[in-house]
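Below: one structure, written as structure tokens.
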Amino acid sequence: MNYSSSMLWFIALTEILGSVGLGFRSAASFIAIVAIFSYFFFKNIGKIEALMAAKLVLLLEAVYYAVTFIPSALWGVGENPFSNTYGQLAGNLVSNFLPCLLEGVLIPVVLIILYTKLNLNKPKTGAIKWALIAGTSYVLVFWVTNACNWIYAVMYKGIEYVTVPLNLLSFLFTTFGLLALTQYAGYFTKKSLSVSSWRELDFNKIGSVITLIGLYFAGVYLLWIIAGSVGGWSPWYAWFLGHNVDIWVMTLPAVGLPLLFIPTNARQE
């Protein structure tokens, strides 16, 4: 395949910055793991050190999203959409520009605000509020990103592609199931904005959201393992299996399920 010079520039830009971004996320993951092990297993980390680790993780995660996804969003409005494999500007805007722009702008903004609110000398209300908003923003991003890629698959393969039963199931869980979960997360956040203590939060409901979002990713992946690329290979499978940097989310039930069993009285101060 022959690429134009501008397309090669886009490829180099997004690939290089994407790799740099993953470096920031890897550093954030390493810090988080060390802090968690230090707290739960070695008992040698205090509140100040834990807060510093949390703020550094937030900062690195914000940089990861900005560096990785803003350049990828530009891919959808540059010369490349007119000459890429699928040759459709509309398709590139749906599958690339919109989800990447949302990820590259929304997530860094909410994480930076949360970063500024985490302070042991300030009321906890602001930190709780923006932690909830950040969590809801992640769910929103998951819905938009995956729904847009399913819509693009239908644009590319035709409406008959989504009439295949297993594809229809995946499509409905993605477009409507994740939308319902996003709305629920938004409703929970709105109802919890006045909470002044972390212990006052309903962790059972938080656990249900975390578990369901993880089960969605695990379910789609398991469906592919069992049934393969139903209806043939498509942009949906290329996205979810080959370009999806959030596939790790399928492990979240390990975090969410224990939260479902926290007794109500254990949250009372």
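Calculate for the chain the 222 nm mean residue ellipticity that helices alone would give, adding -39,500 (n - 2.57) per DSSP H run of length 4 or more and normalising by residue count, nearest 500 deg cm²/dmol.
So the calculated ellipticity at 222 nm is -22000 deg cm²/dmol.
Please report the equivalent ellipsoid semi-axes of the stretch 131-269, computed as sqrt(5 x eigenvalue) of the Cα gyration tensor, largest first, in whole Å.
Gyration-tensor ellipsoid for the stretch 131-269: 33, 15, 11 Å.
As I understand it, the value is the acute angle between the Cα axis of helix 47-75 and the longest principal axis of the Cα atoms of the chain; what does it come to in degrees, rounded to 10?
10 degrees
If I model a spin label at residue 195 and residue 260 as a point 7 Å from the Cα along the Cα→Cβ vector, what separation in nanometres do I get?
Modelled inter-label distance: 1.9 nm.
Based on C-alpha coordinates, I'd like the Rg and Dmax of the chain, in Å.
When restricted to the Cα atoms of the chain, Rg and Dmax are 20.1, 65 Å.
Along its three principal axes, how long is the stretch 10-71 when you only count alpha carbons? Whole Å, largest extent first please.
Cα extents, longest axis first: 47, 16, 9 Å.
Could you list the square roots of 5 times each eigenvalue of the Cα gyration tensor of the stretch 163-233, that is, the equivalent ellipsoid semi-axes, sorted largest first and rounded to whole Å?
33, 13, 6
Under a cut-off of 29 Å between alpha-carbon atoms, report the lysines in cross-link reach of residue 117, not counting same-chain residues fewer than 8 places apart.
43, 47, 55, 129, 190, 191, 205
Run the numbers for residue 251 and residue 183: contour at 0.36 nm per residue of separation, minus the present Cα-Cα distance, in nm.
22.3 nm
Going by Cα centres, the stretch 95-131 and the stretch 191-213 are how many Å apart?
Centre-to-centre (Cα) distance: 17 Å.
Taking the Cα atoms only, what angle lies between the long axis of helix 5-37 and the longest principal axis of the chain, rounded to 10 degrees?
It works out to around 20 degrees.
Springs between alpha-carbon atoms under 10 Å, Gaussian network over the chain: tell me which of 233, 75, 130 tops the mean-square fluctuations.
Top of the fluctuation ranking is 233.
Every read-out reported here was derived from the displayed coordinates using simple, explicitly stated rules and does not represent laboratory data. Remember, it's a predicted structure, so these values are computed and weren't measured experimentally. Using ideal geometry, Cβ is built from the backbone for each residue, glycine included, and neighbour counts are taken over all protein chains shown.
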